[in-house]
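This report refers to the structure that appears directly beneath it.
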Ligand code: SF4
């Protein structure tokens, strides 16, 4: 039993919506079934946060939570899958690749506690989508306005690279989450090429019509209309991209400000669209 290596559900970690009764997915079929069954975003978040379907990623996330990084040696690590963060009636979704080993996997909140998150939340704050500029821990008071941040794969993978099988196994959680917030969703900001592919697969899976017939190329500033939802591409605020100035604060601010504008427009969707 490896559960002691990660935070036990329902033991008071800020933002933990799971408890000991939350059903646990142990394989691909159970992920798909539970993702379909979740009636609310909160239920979905809970199920995601206890998922154990990918043995390699479960081992890795719990290994990291046990061995830790020296700077965080005194802290308890979350060590569980990281669900989305933000209101369930968000008009803007921001999609990354996967939690960072010592970021989301440590703090339990997506993009929180590492340099990518520092960049993302500071920019969200500058464009008016967050109440504060720093996202440090799950209980730091961060609130997003109209915005939900999530990842295509919910467990921290070795070398930040999930396998194709892991990506596909986790996809039903993403489909279900986008479907659940779809009534309000106007724009998806996609951070990086991996999440770009995942987004279009997911929008197709949930039947968003009027998307491009061919998958459009990822690029910073790319903009694609999928019916009532606009997909915007941004380089990922990874340390590699920010330290080389491939992505600057201004570039990220520009994309998120554009998203804020699109996300404030009224929502029109034809029935069944
Ligand atoms: Fe479950 Fe996704 Fe984590 Fe795999 S990556 S264990 S499917 S939450």
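Every number here is computed from the coordinates shown, using simple stated rules; none is lab data. Model, not experiment: these values are computed from the prediction. Cβ coordinates were reconstructed from backbone atoms using ideal geometry, including for glycine residues, and neighbour counts include every protein chain displayed.
Tabulated data
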read-out	value
Bridge type composition, the chain - antiparallel percent by DSSP, nearest 5	30 percent
Those residues of segment 87-123 whose amide nitrogen sits under 15 Å from the label point placed on residue 143, 7 Å along Cα→Cβ	87-90
Descending Cα extents along the principal axes, segment 24-263, whole Å	44, 39, 30
Peptides 188-199, 209-220, 105-116 ordered by average Cβ neighbours within 10 Å, highest first	105-116, 188-199, 209-220
Ascending count of other beta-carbon atoms within 10 Å, so fewest first, for 68, 161	161, 68
Residues 55, 184, 202 arranged by fewest to most Cβ contacts within 10 Å	55, 184, 202
Contact order relative to length of the chain, as percent, for alpha carbon pairs under 8 angstrom and 6 or more apart	18 percent
Ordering of 24-33, 69-78, 227-236 by burial proxy (mean other Cβ atoms within 10 Å per residue, highest first)	227-236, 24-33, 69-78
